[in-house]
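Structure first, commentary second.
Coordinate-derived values only; no laboratory data. Quick caveat: nothing in here was measured; it's all calculated off a predicted structure. Here the Cβ positions follow ideal geometry from the backbone for every residue, glycine too, while neighbour counts run over all protein chains shown.
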Ligand code: FES
C-alpha cells in the first residue's frame, strides 16, 4: 500500500505545533541558569563592593592621618606657642620650655629654638650661667648660646627646631633650611612665636 506523502499544509501544521514545545524545553532547561546567574553575579558584586569600601576606607584613613596633625598644640612633636614677652634680651640666658624640650635663645644674629638634647648620646645639657654656655652632665660636651659646639665628644652643635615669628602686620619669618637664627625686624612688633617640635634641623657640624 502506497504511503500518502505529507502535503505542504501537513508540514506547516507539524512545524507550528513543534515550535512551542521546543521553546518550552529551552525555557525550562534555562530556568535554572537564569535563576542562578543573578545570584552569582550579585555575589561577585558584593565582593567587589566590599573590596571597594575597604580600599576607600584605607585611603580615607591615610589621608586623614596625613592631613591632620598627629600631635596637639603644646604636645612634644607638635607646635608650641612661645610668648614674645618671654623672649630673653640678646646675650641673656636662653629660656627653657621643658614640655617642648627646647630652649629659645636670642643671639646677635636672631632667634633660635634649640633642641635640648645632647647630640652625643642624648643627655640633657644645662645652661650654666657662670660659664654662659650649655654643659652636658654625662660626658662634658659644651655648647654656646647659639647651640654651636665648644668641646667634648658631641659630634655637632645642638639641633634646632623650625620656628616662626609672626608680626602684627601679619607677615612672618621662619627658620631657614639650614636652621640658622631668625633675625628680628626692630621696626615691627612680634605678636606670636611658634616652635614646631616636629621639624628638627641638624645642628652645625664641628
Ligand atoms: S651625652 Fe652629652 S656629652 Fe655625652
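Within region 142-154, the residues that satisfy the criterion of being near the ligand (Cβ under 10 Å from one of its atoms) and within 34 Å of the chain's Cα centre (by Cα) are 143, 154.
Taken over region 182-192, the residue count meeting the criterion of being free of Cβ contacts under 8 Å to residues at least 60 places away in the same chain and in contact with a strand residue (DSSP E or B) (Cβ under 8 Å, 6 or more places away or on another chain) is 3.
The single condition from (1) more than 19 Å from residue 117 (Cα to Cα); (2) surrounded by fewer than 18 Cβ atoms within 10 Å (Cβ to Cβ) that residue 132 fails is (1).
Yes/no matrix, rows are residues, columns are (1) away from the ligand (no atom under 16 Å from the Cβ); (2) in contact (Cβ under 8 Å) with a residue 60 or more places away in the chain; (3) assigned to a loop (DSSP other than H, G, I, E, B):
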residue: 140; (1), (2), (3): no, no, yes
residue: 164; (1), (2), (3): yes, no, no
residue: 173; (1), (2), (3): yes, no, no
residue: 180; (1), (2), (3): yes, yes, yes
residue: 194; (1), (2), (3): yes, yes, no
residue: 200; (1), (2), (3): yes, yes, no
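Within region 112-131, does at least one residue satisfy the condition of being out of contact with any helix residue (DSSP H, G or I) (no Cβ under 8 Å at 6 or more places or on another chain), away from the ligand (no atom under 15 Å from the Cβ), touching a residue at least 12 places away in the same chain (Cβ under 8 Å) and over 19 Å from residue 205 (Cα atoms)? Looking for residues that are out of contact with any helix residue (DSSP H, G or I) (no Cβ under 8 Å at 6 or more places or on another chain), away from the ligand (no atom under 15 Å from the Cβ), touching a residue at least 12 places away in the same chain (Cβ under 8 Å) and over 19 Å from residue 205 (Cα atoms), one finds at least one in region 112-131, hence yes. Taken over region 120-129, the criterion of being under 23 Å from residue 92 (Cα atoms) and surrounded by 17 or more Cβ atoms within 10 Å (Cβ to Cβ) is satisfied by 125, 127.
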